[in-house]
Amino acid sequence: MKEKLIGIKDESMQLLNEVKTIKDIDELKVKYLGKKGEITQILKGMKDLSKEERPVMGALVNEVREEIEKALEDKKAELNEKILEKKLHDERIDVTLKTDDIVLGHRHPLKKTLEDLEDLFTHMGFTVYDGPEIETVENNFDLLNAPKDHPSRDMSDTFYFDKNTILRSQTSPVQIRAMKEHGAPIRMICSGRVFRSDEVDATHSPMFHQLEGLVVDEKISVANLIDTLNYFVKAFFGEEVKTRFRPHYFPFTEPSLEVDTTCTSCGGKGCSACNHTGWSMELLGCGMVHPNVLRNCGIDPEKYSGFAFGMGIDRIAMVRYKITDIRMMFENNKKFLEQF
Ligand code: DAH
C-alpha cells in the first residue's frame, strides 16, 4: 500500500508538470482527490489494515493528499498568472495613440440670447412660464380681445389644424393661461416658438421666437411699464442705449405702444444701418392690459391693472451677433455656428 501511495504521488507530480490548461488541473484533481479518485480509494482500503498499521498509513495518506492538493493549487496559480500576463499583453492600449479630436458643442446664439433674457427678467422678479405651441383659437385670439375680423386670424396668416386649434401665432396666449391659473397679482415671462404663414426671406421665417412679459397688480400704471422696459433695455443692451415709445395698436392692450432703441451701430447719430434716423427698428410691442382681457381671465379690472410686452428674440439675437439673415439661425451649418 505504501509503494502504491508513493507511485501515485510520483505519477501525479509528473502529470502535473505536463498540464497546459486550468481544465487539465481540474481533471487531475478529480483523478486523485475526487470521490472515486485514487487517494480516496486508498483511504477506503484502510479498513482492511491492522490496528497498528492504520495510524501510520493514515498519516502517510494525509501527507500525500496534502502534497498533491498544494501542488495542484500552486500550478493553478502559476497558470492563472500566465493567462493574466498574456491578456495584459494582448489587450494593451496605447494611450498615446492619436485619435480624432472630440469637438465640444456650445450654446446656439438664439438659445444664449434667450437664456440671458430669462436671467435678467428673473432677477427683476419675474417667474418663467411655459405654454404649448399648439394652442386654442380661444387663447390665441378670443380671450386676447382680438376681434373676429382681425387680419391676424385669417386662414392664410396662421396655421390651423381645425377651426379651434392652431400653431400659436404669438406667445401672448401664455398670459391668458397664467392669469387663468394664478389670477392676480402676477409677474411672469414666457418664451418659445411661434408660427405664421410668412414667406421665407432674410428677415422672415414661418417659425420664429418670442418673449412675452406680463405684470398685473393693484395700481400698475404706464409709468411702471416705461420704467421696467427702460431698465431692461439698459441692462441688456447697455447704459448708453436710449428708448423711444411710439403709439401703436394691439387688441389686447390699451393704450398700446411700440419701443425703438437708439441704433447700436452709430449710437443714435445716424448711419446707413439705421437709414440715418438714429433709431433701430422696433424692439418690442407693449401696453396696458385691456380690461376685457383681465375680465376674460377672471380678474377684476376695477381692482387690478397691468402691463404686457412682447418681443422677437430672433431679431434681438441678430442685432446682438450682427447676423444679417434669419435663415442662418435654423440651417444648422457648422461653419456658421462655430463663430459664436
Ligand atoms: N403678441 C404681439 C405680436 O406678436 C407682441 C406683443 C405686443 C405682446 C404687445 C404683448 C403686448 O404682450 O403687450 O406682435
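Is there a residue in the stretch 119-132 that is in a helix (DSSP H, G or I) and at pLDDT below 95? Looking for residues that are in a helix (DSSP H, G or I) and at pLDDT below 95, one finds none in the stretch 119-132, hence no. Quick check on my filter: what residues within the stretch 157-173 are basic (Lys, Arg) and either modelled with pLDDT of 95 or more or within 13 Å of residue 144 (Cβ to Cβ) (or both)? Within the stretch 157-173, 168 is the sole residue that qualifies. Among the residues of the stretch 203-232, which ones are more than 24 Å from residue 146 (Cβ to Cβ) and more than 30 Å from the chain's Cα centre (by Cα)? 217, 218, 219, 221, 223, 224, 226, 227, 228, 230, 231 - these are the residues of the stretch 203-232 that are more than 24 Å from residue 146 (Cβ to Cβ) and more than 30 Å from the chain's Cα centre (by Cα). What's the total number of residues in the stretch 266-280 that are of a type in the set (A, V, I, L, M, F, W, C) and either within 29 Å of residue 216 (Cβ to Cβ) or free of Cβ contacts under 8 Å to residues at least 12 places away in the same chain (or both)? Count: 3.
Looking across the stretch 74-121 at every residue that is hydrophobic (A, V, I, L, M, F, W, C), surrounded by 15 or more Cβ atoms within 10 Å (Cβ to Cβ) and out of contact with any strand residue (DSSP E or B) (no Cβ under 7 Å at 6 or more places or on another chain), the one that is nearest to residue 238 (Cα to Cα) is identified as 120. Of the listed requirements (1) within 16 Å of the ligand (Cβ to nearest atom); (2) of a type in the set (A, V, I, L, M); (3) more than 27 Å from residue 118 (Cα to Cα), residue 273 misses just one: (1).
Please specify each residue of the stretch 136-156 satisfying the condition of being part of a loop (DSSP other than H, G, I, E, B), surrounded by fewer than 15 Cβ atoms within 10 Å (Cβ to Cβ) and within 13 Å of the ligand (Cβ to nearest atom).
150
Out of everything in the stretch 174-206 that is within 13 Å of the ligand (Cβ to nearest atom) and in a loop (DSSP other than H, G, I, E, B), what residue ends up being modelled with the lowest pLDDT? Step by step, filter the stretch 174-206, then rank; the result is 198. Of the residues in the stretch 91-113, at least one is in contact (Cβ under 8 Å) with a residue 40 or more places away in the chain, out of contact with any Asp or Glu (no Cβ under 8 Å at 6 or more places or on another chain) and either under 30 Å from residue 4 (Cα atoms) or not in a helix (DSSP H, G or I) (or both).
Could you check the stretch 229-269 and list, in sequence order, the residues that are among the small types (Gly, Ala, Ser), in contact with a strand residue (DSSP E or B) (Cβ under 9 Å, 6 or more places away or on another chain) and more than 15 Å from the ligand (Cβ to nearest atom)?
Within the stretch 229-269, 268 is the sole residue that qualifies.
Scanning the stretch 1-21 for residues that are over 16 Å from residue 75 (Cα atoms) and of a type in the set (Lys, Arg) gives 2, 4. Each residue in the stretch 305-332 was checked for being crowded, with 19+ Cβ neighbours inside 10 Å, away from the ligand (no atom under 16 Å from the Cβ) and not in a helix (DSSP H, G or I), and 1 pass. The residue pairs whose first member lies in the stretch 24-51 and is β-branched (Val, Ile, Thr), whose second member is in a loop (DSSP other than H, G, I, E, B), and whose beta carbons are closer than 8 Å, counting only pairs six or more residues apart or on different chains, are 25/19; 30/37; 40/34; 42/1.
The values are calculated or read from the model by the stated rules, or taken from the named source; none is laboratory data. What you see is a predicted model; the values in this text were computed from it and never measured. Glycine also receives a Cβ, built like all others from the backbone with ideal geometry; neighbour counts cover every protein chain displayed.
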